[in-house]
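Here's the structure, in structure tokens; my notes come after.
The values are calculated or read from the model by the stated rules, or taken from the named source; none is laboratory data. Model, not experiment: these values are computed from the prediction. Note: ideal-geometry Cβ built from the backbone for every residue, glycine included; neighbour counts use all protein chains shown. Protein only, heavy atoms only, side chains kept; ligands, DNA and RNA dropped before computing areas. Shrake-Rupley method; radii C 1.70, N 1.55, O 1.52, S 1.80 Å.
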Amino acid sequence: FKGMDLLAGIALEVECDQGLVANFDPAKMRRVFRNLIRNAAEACTGRTGSRIVLSAKKSGSGVEICVSDNGPGIPEHLRDRLFQPFESFGKTNGTGLGLATSKRIVEAHGGKILLSRSLTPVTFCITI
């Protein structure tokens with residue numbers, strides 16, 4: 001994750017099942033993963049014991065890729081609007097396009113991106 005200085009001081013863990021295969025455009029999906037990890041890092045910045053977990057496992061005939069963080073969580077009243085364009089929460093520099101664009105890219109690949117029901121840890125999962 002070259003150029004992501006936000007990860008300084010944050011533990012990044014990767015958990016991946018062996019032999020996974022997923023068909024997607026690497027450049028487009030890299031944008032999705034960078035966005036999810038950047039959001040997680042921004043949520044964790046300045047918190048003691050900050051941790052981001054990137055996991056991948058088999059799911060049915062596809063793959064489930066999740067990004068979790070132990071930041072403060074996303075309030076329930078904001079969750080329904082997270083994937084809408086120009087909705088930005090808790091950021092001074094955000095455009096509100098990151099999650100909307102990520103959703104569009106994932107769906108263009110025939111996949112889904114969802115936010116976990118639990119308030120913490122915050123977990124975004126992509127099935128593709």
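At 1.4 Å probe size, what's the solvent-accessible area of residue 120? Round to the nearest 10 Å².
80
Calculate log10 I(q)/I(0) of region 1-61 for q = 0.24, 0.29 Å⁻¹, where I(q) comes from the Debye formula with a single equal point scatterer on each Cα and nothing for solvent.
Debye intensities relative to I(0), on a log10 scale: -1.08, -1.27.
Tell me which chymotrypsin sites (Phe, Trp or Tyr not before Pro) from region 72-128 have a DSSP coil assignment and no more than 11 other beta carbons within 10 Å of their own.
Qualifying residues, ordered by number: 86.
Give, as a single signed number, the net charge of other residues whose beta carbon lies under 13 Å from the beta carbon of residue 103, with Lys and Arg counted +1 and Asp and Glu -1. Working shown, then result.
Details: positive: 28, 31, 81, 104, 112; negative: 87, 107.
Surrounding charge for residue 103 is +3.
Using a 1.4 angstrom probe with every protein chain in place, what is the largest-first accessible-area order of 24, 33?
Correct descending sequence by accessible area is 24, 33.
Identify the residues of region 1-43 with backbone N under 19 Å of a label point that sits 7 angstrom from the Cα of residue 93 along the Cα-to-Cβ direction, or state none.
Answer for region 1-43: 1-10, 31-43.
Hey, rough spin-label estimate for residue 116 and residue 57, points 7 angstrom out along Cα→Cβ, what's it come to in nanometres?
The modelled label-to-label distance comes out at 1.1 nm.
In region 38-115, carbon and sulfur make up what percent of the accessible area (probe 1.4 Å)?
50
What order do 28, 103 take when sorted by accessible area (1.4 Å probe), most exposed first?
If we order 28, 103 from most to least accessible, we get 28, 103.
I'd like the accessible area for residue 128, computed on protein heavy atoms only with a 1.4 Å probe and all protein chains in place. Round to 10 Å², please.
Number for this one is 40 Å².
To the nearest 0.05, what FRET efficiency results for residue 100 and residue 18 with a Förster distance of 35 Å applied to their C-beta separation?
Step by step, r from the Cβ atoms, then E = 0.55.
Sort by residue number and name the cysteines in the chain that have no neighbouring cysteine Cβ under 4.7 Å.
When partners are defined as cysteine Cβ atoms under 4.7 Å apart, the chain leaves 16, 44 without one.
Of the beta bridges DSSP finds with both residues in region 1-110, what % are antiparallel, to the nearest 5? All intermediate terms of the calculation are to be shown ahead of the outcome.
Working: 8 of 14 bridges.
Close to 55 percent.
When the distances between all Cα atoms of the chain are binned every 5 Å from zero, what whole-number percent does each bin get?
P(r) for the chain, in whole percents per bin: 2, 10, 20, 25, 22, 14, 5, 1, 0.
Would you be so kind as to identify which of 23, 52, 73 lies farthest towards the positive end of the dipole of the chain, taking Lys and Arg as +1 and Asp and Glu as -1 on Cβ and the Cα centre as origin?
The listed residue farthest towards the positive side: 23.
With a 1.4 Å probe and all protein chains left in place, how much accessible area per residue does the chain have, in Å²?
61
Placing unit charges on C-beta atoms (Lys and Arg positive, Asp and Glu negative, everything else neutral), compute the dipole magnitude of region 1-54 about its Cα centre in debye, rounded to 20.
240
State to the nearest 20 debye the size of the charge dipole of the chain about its Cα centre, where the only charges are +1 on K and R beta carbons and -1 on D and E beta carbons.
On the way: 17 positive and 12 negative charges, 45 e Å.
That gives the chain a dipole magnitude of about 220 debye.
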